[in-house]
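Heads up: the structure comes next, in structure tokens.
The values are calculated or read from the model by the stated rules, or taken from the named source; none is laboratory data. None of the values given here were measured: they were computed from a predicted structure. Note that we place each Cβ from the backbone using ideal geometry, even for glycine, and neighbour counts take in every protein chain shown. Just so you know, the surface numbers come from the protein's heavy atoms only, side chains and all, with ligands and any DNA or RNA stripped out. Shrake-Rupley method; radii C 1.70, N 1.55, O 1.52, S 1.80 Å.
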Amino acid sequence: MKQQPLVSFILTCYNLPLDMLCACIDSILRLSLRSAEREIIIVDDGSDNSPMNSLLKYGDEIIYLRQKNGGVSVARNTALAMAKGEYIQIIDGDDFLIQAPYEHCLDIIRYNKDADVVMFDFTHDDSQGANSFNPPRVKSGTELMRSENIRGTACCYLFRQSVRGQLSFTPGIHYGEDEEFTPQLLIRAERVYLTEAKAYYYRERETSAVHQTDTTSIRKLLDDHFTVIRHLQKLADTMPQSDRLALQRRVAQLTMDHIYNTIMLTRSEQQLDEIIETLRQNALYPLPDRDYSTKYVWFRRLTNSRLGRRILLRTLPKMKKER
């Protein structure tokens, strides 16, 4: 019988330069996984030109699928339905894995059979060497979300397929799809291993969706983020108390981010007031009076008044520009 892969690597791409896609694939092939231990699934989300002929050199090492453009959520769901690995690693095709830190993550699942999720970090520096790594901390997903901020990106999680169950990405959401997926994944996880290893190289590209500055893209981004927040808010209401408190904390943090993004992307007091009123109508504002973090406490206090919001409108864009 064919051996079940230890890890299915899910790569999604759309109109990517070939060298970036190959760099991503090569970073997986460099890992200490035998061919039978890995599965590399590439879903091309309807690129203008298929890279398939240029990928023939990888032979049976990859599974390449091209489909009609439907967005990253649809592309990932296609690959998740195909994946046979015990664990899943999602990668954006223009990023790649950094070998030494990621080997540390692989060792965690190799030597800890109870690991449901390994959470690691990303970096913009691809020179991460073979450093020593501290032993991972272990918490349940609910405990983690009740006590700490989590990383929103799904690419920073190596997770067990059986823990995901039927959880998938919501089609139509092009911004913030990870923020909807990762909290639900963590709540399902009994054993989350947390490491500070910077194992994922995140490439910032000016052409990526989050860097678009036109009014239509900004409106879509804010609408998608609000949709995610509302979905998680409603989901929290159906959960047992411990899970509900964990998810409510994440909802509050995402609501804070939503207000922040409105300020940074629109620089408009009128649009900020409209967002605040929409949040109020949906019981998301004022932000809950909780000591989630120092940043959260100060942001909540400032956003509670019109004067405080005006201060944020004037100061936050300047602070980012000075950095």
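Before moving on, here are some points about what is shown:
- Of the residues making up region 233-246, at least one is open to solvent by 30 Å² or more (accessible area, probe 1.4 Å), farther than 15 Å from Met145 by Cβ, in a loop (DSSP other than H, G, I, E, B) and modelled with pLDDT of 95 or more.
- Filter result for Leu284 (in a loop (DSSP other than H, G, I, E, B) and under 25 Å from the mean Cα position of the chain (by Cα)): yes
- Leu265 within 25 Å of Gly71 (Cα to Cα), of a type in the set (A, V, I, L, M, F, W, C) and touching a residue at least 60 places away in the same chain (Cβ under 8 Å): no
- Residue in region 196-212 that is at pLDDT 90 or above and part of a helix (DSSP H, G or I) present: no
- Asp224 among the acidic types (Asp, Glu), assigned to a helix (DSSP H, G or I) and farther than 21 Å from Tyr292 by Cα: yes
- Pairs, first more than 24 Å from Arg30 (Cβ to Cβ) and free of Cβ contacts under 8 Å to residues at least 60 places away in the same chain in region 59-83, second open to solvent by 10 Å² or more (accessible area, probe 1.4 Å) and in a helix (DSSP H, G or I), C-beta under 8 Å, six or more apart: Arg66/Met52; Gln67/Val74; Gln67/Thr78
- Enumeration of residues in region 294-323 that are part of a loop (DSSP other than H, G, I, E, B) and at pLDDT 95 or above: Asn304, Ser305
- Long-range neighbours under 6 Å by Cβ, at least six apart or interchain, first residue more than 18 Å from Ala79 (Cα to Cα) within region 44-55, second open to solvent by 10 Å² or more (accessible area, probe 1.4 Å): Asp48/Asn15; Ser54/Leu18
- Enumerated strands (runs of 3 or more DSSP E) restricted to region 113-177, each holding at least 2 residues that are of a type in the set (S, T, N, Q), out of contact with any helix residue (DSSP H, G or I) (no Cβ under 8 Å at 6 or more places or on another chain) and under 24 Å from Phe226 (Cα atoms): none
- Enumeration of residues in region 58-100 that are surrounded by fewer than 17 Cβ atoms within 10 Å (Cβ to Cβ), part of a helix (DSSP H, G or I) and among the aliphatic types (A, V, I, L, M): Ala81, Met82, Ala100
- Close pairs (6 angstrom Cβ cut-off, 6 or more residues apart or separate chains): under 16 Å from Ala23 (Cβ atoms) and modelled with pLDDT of 95 or more in region 96-114, open to solvent by 10 Å² or more (accessible area, probe 1.4 Å) and of a type in the set (A, V, I, L, M) anywhere: Phe96/Ala23
- Yes/no for Phe122 being open to solvent by 40 Å² or more (accessible area, probe 1.4 Å) and under 20 Å from Glu179 (Cα atoms): yes
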